[in-house]
Amino acid sequence: MARKRRRFTAEFKGRVALEALQERDSVQAIAVRHELHPNQVSAWKRQLLDAVPEVFAKGGSRKLAKEHEAKVHDLHAKIGELTVERDFFRRGLKR
């Protein structure tokens, strides 16, 4: 019987990737310890290394924050629009 698909938190992935970056143990040993495939550990390590320049980019965090705020604003507007539509149709069905 196949194992049920597992989901990992960002915190867990970060911890495993940092552990792989420190290179105190081999990727294989880290994978065995956390019951993962070595390719998964290597992938998370690569993702961490790819994201490092963004952390130190000038104004990078502010830019990401503005993008996030804009996205949240758009989503709230869409929620409001859908709520108005739902209420309109609900009132129409009552007639």
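Quick note: the coordinates plus some simple rules give every number you see, no bench work behind them. Because the structure is predicted, anything quoted here is derived from the model rather than measured. Methodologically, a virtual Cβ is constructed for each residue, glycine included, from the backbone with ideal geometry; neighbour enumeration extends over all protein chains shown.
Data for the structure
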| read-out | value |
| --- | --- |
| Test result for V16, in contact with a Phe, Trp or Tyr (Cβ under 7 Å, 6 or more places away or on another chain), part of a helix (DSSP H, G or I) and either within 30 Å of R5 (Cα to Cα) or without any contact (Cβ under 8 Å) to a residue 40 or more places away in the chain (or both) | yes |
| Residues satisfying the stated conditions in the range 27-42, i.e. of a type in the set (G, A, S) and under 22 Å from V52 (Cα atoms) | S42 |
| Unique residue being exposed (fewer than 11 other Cβ atoms within 10 Å of the Cβ) and in a helix (DSSP H, G or I) when the list is L64, L21, L49, L93 | L93 |
| Subset of the range 31-56 (residues that are basic (K, R) and touching a residue at least 12 places away in the same chain (Cβ under 8 Å)) | K45 |
| Identity of the residue in the range 24-46, not polar (S, T, N, Q) and not in a helix (DSSP H, G or I), that ends up farthest from R6 (Cα to Cα) | R24 |
